[in-house]
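Worksheet for the structure shown next.
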Amino acid sequence: MDSIIQGISTFRDTVFPGQRRMYERLVRDGQHPKALIIACADSRVAPEHITQAGPGELFVCRNAGNIVPPSSQVTGGVSSAIEYAVMALGVRDIVVCGHSDCGAMKGLTNPEALEAMPNVAAWLRHSHAADRIVHEAYPHDIDPASRLRALALENVVVQLANLRTHPSVAAGLARGRLRLHGWFFEIGTGDLLAYDGDQRRFAPFAEEGGMPVAEAPAPRVAAPDLAGTPPRGAGAASEGARALAAE
């Protein structure tokens, strides 16, 4: 704890005085984050650090394995964060960010190691589809490190599919108000891969070429003959939600 306490003291005495006006503005105007990032709780993967974002710029939800439980199965912190980010804060981008050397994925491949951690084992059931994909769609003779990397990448794609089951996300996608992103952070090199939904593969991030997206904004309805003007306020934050966001 000594280094943490020292960090708090440095922030309070050295950093905060120079940023006081920014924090006062954030209190006065509320938060208006650019995106929701669902990332792993791994201490080596800090979304704010990777993106060099400042206070108020990202809404971040972290958990073991960057998992998004399907909407119908779990009501909890991740589901609440998604709903709040979309409906109250009005974010237009949602990122699921996985990473290399993921301990959660190691646990998924070695269930015996989780016998004393029943909560972790139960949580990782939301990644079983990724494990099955790797078992059945990849060569059986790939080395363990490559298999772990494939699992972590496939897990991002599976969690994106789970994300689409959440009502707020499904509605936002139908109205063309949301973009979904799948990222993979290589801890050892600092490289970032982004999932290209059209090509169905990950590609290196290149600033000059733009960021591939898992799902781009594209308004769609299954019954176009019935589609008219959406109800007033549909897809936008309600007065109550805006009030919560401003608090």
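The values are calculated or read from the model by the stated rules, or taken from the named source; none is laboratory data. Quick caveat: nothing in here was measured; it's all calculated off a predicted structure. Here Cβ is always computed from backbone atoms with ideal geometry, including for glycine, and neighbour counts include all displayed protein chains.
Looking only at residues of the range 74-120 that are in a loop (DSSP other than H, G, I, E, B) and more than 23 Å from residue 181 (Cβ to Cβ), we find that the one that is modelled with the lowest pLDDT is 75.
Scanning the range 9-44 for residues that are outside any loop (DSSP other than H, G, I, E, B), among the aliphatic types (A, V, I, L, M) and under 27 Å from the mean Cα position of the chain (by Cα) gives 22, 26, 27, 35, 36, 37, 38, 39. Looking for something outside any loop (DSSP other than H, G, I, E, B), modelled with pLDDT of 95 or more, farther than 21 Å from residue 76 by Cα and of a type in the set (D, E, K, R) - is there at least one such residue anywhere in the range 135-142? Yes, the range 135-142 contains at least one residue that is outside any loop (DSSP other than H, G, I, E, B), modelled with pLDDT of 95 or more, farther than 21 Å from residue 76 by Cα and of a type in the set (D, E, K, R). When you scan the range 159-172, how many residues do you find that are closer than 18 Å to residue 99 by Cα and touching an Asp or Glu at 6+ places or on another chain (Cβ under 9 Å)? Summing the residues that are closer than 18 Å to residue 99 by Cα and touching an Asp or Glu at 6+ places or on another chain (Cβ under 9 Å) in the range 159-172 gives 1. Taking the criterion of being farther than 16 Å from residue 157 by Cα and surrounded by fewer than 18 Cβ atoms within 10 Å (Cβ to Cβ), the residues of the range 178-203 that qualify are 186, 187, 188, 189, 190, 191.
So which residues in the range 70-94 are of a type in the set (Gly, Ala, Ser) and buried (at least 17 other Cβ atoms within 10 Å of the Cβ), if there are any at all?
Those that are of a type in the set (Gly, Ala, Ser) and buried (at least 17 other Cβ atoms within 10 Å of the Cβ): 71, 79, 81, 85, 88, 90.
Under the condition of being of a type in the set (A, V, I, L, M) and closer than 24 Å to residue 200 by Cα, the residues counted in the range 112-155 number 13. Look at the range 8-37: where a residue is closer than 11 Å to residue 55 by Cβ and surrounded by 13 or more Cβ atoms within 10 Å (Cβ to Cβ) and a partner is modelled with pLDDT of 95 or more and aromatic (Phe, Trp, Tyr), sitting 6+ places away or on another chain with Cβ atoms under 7 Å, you get 33/59.
Among residues of the range 45-69 that are on the phi > 0 side of the Ramachandran plot and crowded, with 16+ Cβ neighbours inside 10 Å, those with a Cβ under 9 angstrom from a residue that is among the aliphatic types (A, V, I, L, M) and assigned to a loop (DSSP other than H, G, I, E, B), sequence gap 6+ or separate chain, pair up as 65/41; 66/41; 66/45.
Checking the structure you have, find out if any residue of the range 167-178 is without any contact (Cβ under 8 Å) to a residue 12 or more places away in the chain and within 26 Å of residue 87 (Cα to Cα). Within the range 167-178, one or more residues are without any contact (Cβ under 8 Å) to a residue 12 or more places away in the chain and within 26 Å of residue 87 (Cα to Cα). Is it the case, given these coordinates, that residue 101 is of a type in the set (Asp, Glu) and surrounded by 17 or more Cβ atoms within 10 Å (Cβ to Cβ)? So residue 101 does not fit the description; no.
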